[in-house]
């Protein structure tokens, strides 16, 4: 089972759009796909018009145990694509359960229970470091890091890479990662210069695919349709198809390559 955590310690970089787009493309191919919303803002859940019941969704895994996963998964209106929704109660996880032993592996343990049901799991992580993000990264086989092509976003990326290094030391194993440039606008000097900087600093772990600043991606989100299935989002949809092909072609890139 491929488990991709889509994460960055900065909001507004395209995490939810990326999760929905890749999930839609995989499901359209016939791949059994589970989307997991680990953000208290529940943007991915809202994208598909699904609400977690009170005390339910991904929050229930921490409150009641990993065995709740099967009960909390909901179907989307897209065949072969299911969703574990989020609720605002996720924002209380650190205060309620942060000191409890084993809280960093709850999601990994839950996903092990459904390993035979899904080929792909895509986790939409929160924009802040805490128990939900730690769970997303601890469970993943690949950390996909959407990064807006503007210079303020580079600081968020550096914090994210520091967090990955910390978790690697904790679990004693590398976390493969791929940095995804997003919201790229070739008409602006700032966006072009930022992409150049990303290539110089992170070339070995930078995706070749670049997600454009396409207003139709927002229209697709408003309609609750993954980018690849939204007729107007041709540029964005093609970029996500290229990303998916790249992930399959090269496989996840390890931290060792990043350090090299």
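The values are calculated or read from the model by the stated rules, or taken from the named source; none is laboratory data. Here the structure is a predicted model, which is why all the values come from computation and not from measurement. A quick note on method: Cβ atoms are made from the backbone with ideal geometry, for glycine too, and the neighbour counts reach across all protein chains shown.
Kindly evaluate residue 136 against the criterion of being modelled with pLDDT of 95 or more, crowded, with 19+ Cβ neighbours inside 10 Å and either touching a helix residue (DSSP H, G or I) at 6+ places or on another chain (Cβ under 8 Å) or within 18 Å of residue 35 (Cβ to Cβ) (or both). Taking the combined requirement at face value, the residue satisfies it. Does residue 213 count as within 23 Å of residue 191 (Cβ to Cβ) and either touching a residue at least 40 places away in the same chain (Cβ under 8 Å) or within 18 Å of the chain's Cα centre (by Cα) (or both)? Answer is no for this residue. Can you say whether residue 14 is touching a helix residue (DSSP H, G or I) at 6+ places or on another chain (Cβ under 9 Å), over 24 Å from residue 88 (Cα atoms) and in contact (Cβ under 8 Å) with a residue 60 or more places away in the chain, as far as the supplied structure shows? In short, no. For the stretch 89-102, filtered to residues that are in contact (Cβ under 8 Å) with a residue 40 or more places away in the chain and surrounded by 19 or more Cβ atoms within 10 Å (Cβ to Cβ), the residue that is farthest from the chain's Cα centre (by Cα) is 89. Just checking, does the stretch 142-155 include any residue being farther than 26 Å from residue 83 by Cα and out of contact with any helix residue (DSSP H, G or I) (no Cβ under 8 Å at 6 or more places or on another chain)? Scanning the stretch 142-155 turns up at least one residue that is farther than 26 Å from residue 83 by Cα and out of contact with any helix residue (DSSP H, G or I) (no Cβ under 8 Å at 6 or more places or on another chain). When the test is whether a residue is touching a residue at least 40 places away in the same chain (Cβ under 8 Å) and within 17 Å of residue 43 (Cβ to Cβ), residue 174 does not pass it.
Scanning the stretch 145-187 for residues that are touching a strand residue (DSSP E or B) at 6+ places or on another chain (Cβ under 7 Å) and either in a loop (DSSP other than H, G, I, E, B) or farther than 19 Å from residue 213 by Cβ (or both) returns 149, 160, 164, 175, 176, 177, 178, 183.
So that you can scan it fast, the table gives a plain yes or no per residue for (1) in contact (Cβ under 8 Å) with a residue 60 or more places away in the chain; (2) surrounded by 15 or more Cβ atoms within 10 Å (Cβ to Cβ):
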{"site": "146", "(1), (2)": "yes, yes"}
{"site": "153", "(1), (2)": "yes, yes"}
{"site": "169", "(1), (2)": "no, no"}
{"site": "209", "(1), (2)": "no, yes"}
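For the stretch 114-124, taking the residues that are touching a residue at least 60 places away in the same chain (Cβ under 8 Å) and farther than 19 Å from residue 244 by Cα, the one that is surrounded by the most Cβ atoms within 10 Å (Cβ to Cβ) is identified as 114.
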